[in-house]
Amino acid sequence: MIVTTATEAAPGRPANEDQVFQQGRVVGVFDGVTAPDLPDGCEHGPAWYVRRLVTRLREALADAPAAALSEVLGQAITRVRGDHPGCDLANPSTPASTVCLVRADADHLEYLLLGDSPLVAEQGGRVVALTDDRFDLVYADIRAEALRGDVPLGSAEHIARQRTAALRKQELTNTPGGYWIAAADPRAAANAITGRLPLTGPDEVRRAVLLTDGASCAVDMFGLFDWAGLLDLVTEQGPEELIRRVRAAETADRDGYARPRHKRHDDATVALCRFGTA
Ligand SMILES: [Zn+2]
């Protein structure tokens with residue numbers, strides 16, 4: 001497996017709340033979740049949380065290299081709880097992160113998804129996008145109300161609507177019937193979307209790319225390409241080029257009228273895995 005990655009903070013933002021990770025045959029991308037203007041009960045914040053989660057995941061993988069990804073992630077979440085015992089870990093806005101993880105063994109690519117960081121794979125000559133769409137399903141109405149595209153990004157009205165949406169999102173976080181995300185509750189790992197894809201035979205995966213939504217928006221928000229086009233761009237021109245294209249699209253729609261969204265720019269992360277002769 002050959003892995004190439006890129007990660008970049010949103011322009012003008014001091015910290016990258018995304019992380020990219022590789023340890024042996026395990027690769028992951030993570031997107032720290034912010035709840036602007038809502039008390040989160042934590043003095044550390046999402047950038048810290050995501051870094052701790054990656055550190056604890058490395059340890060948990062080293063301790064139990066054969067364990068299922070969901071078990072390893074659950075262990076990492078539990079260990080991060082112990083890293084900030086003074087914080088209010090029951091707060092529904094406690095720092096959180098999406099997770100897109102893969103592990104390649106000789107015959108299979110095992111994957112785990114939590115939140116909107118998709119895995120796009122070329123498999124047997126077609127391209128499939130694997131996503132955890134539970135957040136989108138339960139959040140669709142709230143998002144539509146918050147992002148009507150009739151006020152500019154960053155205006156007082158836009159900010160007020162984000163806050164209302166964030167409060168409603170809280171009620172859905174890590175609850176059955178809502179959606180699951182890596183935060184302070186290790187049950188999220190057991191509720192992740194998991195599966196495996198073949199690395200041999202007619203349906204073998206030749207290429208796979210892990211994306212945070214700051215990069216997958218090239219397809220599902222800005223419509224710059226389809227998933228196959230994204231995979232080809234990243235393979236031929238590198239992960240940085242995908243982020244460059246997204247930055248150009250974000251800047252061309254500064255106020256978010258054409259593409260209503262929560263923020264002008266987002267942290268963006270790309271990890272391309274190539275197998276065999278791809
Ligand atoms: Zn904390």
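We did not get these values from a lab; they are worked out from the coordinates using the rules stated. All values derive from a computational prediction rather than experimental measurement. All Cβ positions, glycine included, derive from the backbone under ideal geometry; neighbour counts span all protein chains shown.
In nm, give the distance between the simple-model label positions of Arg58 and Asp232, each being 7 Å from the Cα along the Cα-to-Cβ direction.
With each label point 7 Å from Cα toward Cβ, the separation is 3.7 nm.
Under the rule that a partner needs its Cβ under 4.7 Å from the first Cβ, which Cys of the chain have none?
Among the cysteines of the chain, those whose Cβ sits 4.7 Å or more from every other are Cys100, Cys217, Cys273.
Calculate one ³J(HN,Hα) per residue across region 17-33 by plugging θ = phi - 60° into the Karplus curve 6.51 cos²θ - 1.76 cosθ + 1.60, and present them in order as whole Hz with x for glycine and proline.
Listing the rounded values in order: 8, 8, 9, 10, 9, 9, 9, x, 8, 10, 10, x, 10, 9, 10, x, 9 Hz.
Any chance you could list P(r) for region 209-256, counting all Cα-Cα pairs in 10 angstrom bins from zero, rounded to whole %?
In order of increasing distance, the bins hold 28, 61, 11, 0 percent.
Relative to 2.2 N^0.38 Å, what does the C-alpha radius of gyration of region 168-214 come to as a ratio? Two decimals please.
1.62
For the chain, what is the convex hull (Cα atoms) projected area averaged across all directions, in square nanometres?
In nm², the orientation-averaged hull projection of the chain is 13.6.
Do you know the relative contact order of region 2-274, to the nearest whole percent, from alpha carbon pairs under 8 angstrom that are 6+ apart?
With pairs under 8 Å counted, the relative contact order is 27 percent.
Could you tell me what a quarter of the Cα convex hull surface of region 47-120 works out to, in nm² with one decimal place?
Its average projected convex-hull area is 5.6 nm².
Could you work out the longest stretch of the chain that avoids the GluC sites (Glu not before Pro) located in DSSP loops with at most 15 other Cβ atoms within 10 Å?
44-170
Can you tell me the length gained on complete extension of the stretch Asp136 to Ala68, counting 0.36 nm per residue apart and subtracting the Cα distance?
Separation in residues times 0.36 nm, less the Cα-Cα distance, equals 21.9 nm.
Any idea what diffusion coefficient region 113-261 gets from Stokes-Einstein, in µm²/s, Kirkwood Rh on alpha carbon pairs, 20 °C, 1.002 mPa s?
Translational diffusion coefficient: 125 µm²/s.
How many nm separate the modelled label positions at Arg13 and Glu241, each set 7 Å beyond the Cα in the direction of the Cβ?
Label at Arg13, label at Glu241, 2.5 nm between them.
Bin width 10 Å, alpha-carbon pairs only: give the P(r) of region 173-258 as whole percents, running from 0 to the bin holding the largest distance.
14, 31, 30, 24, 1
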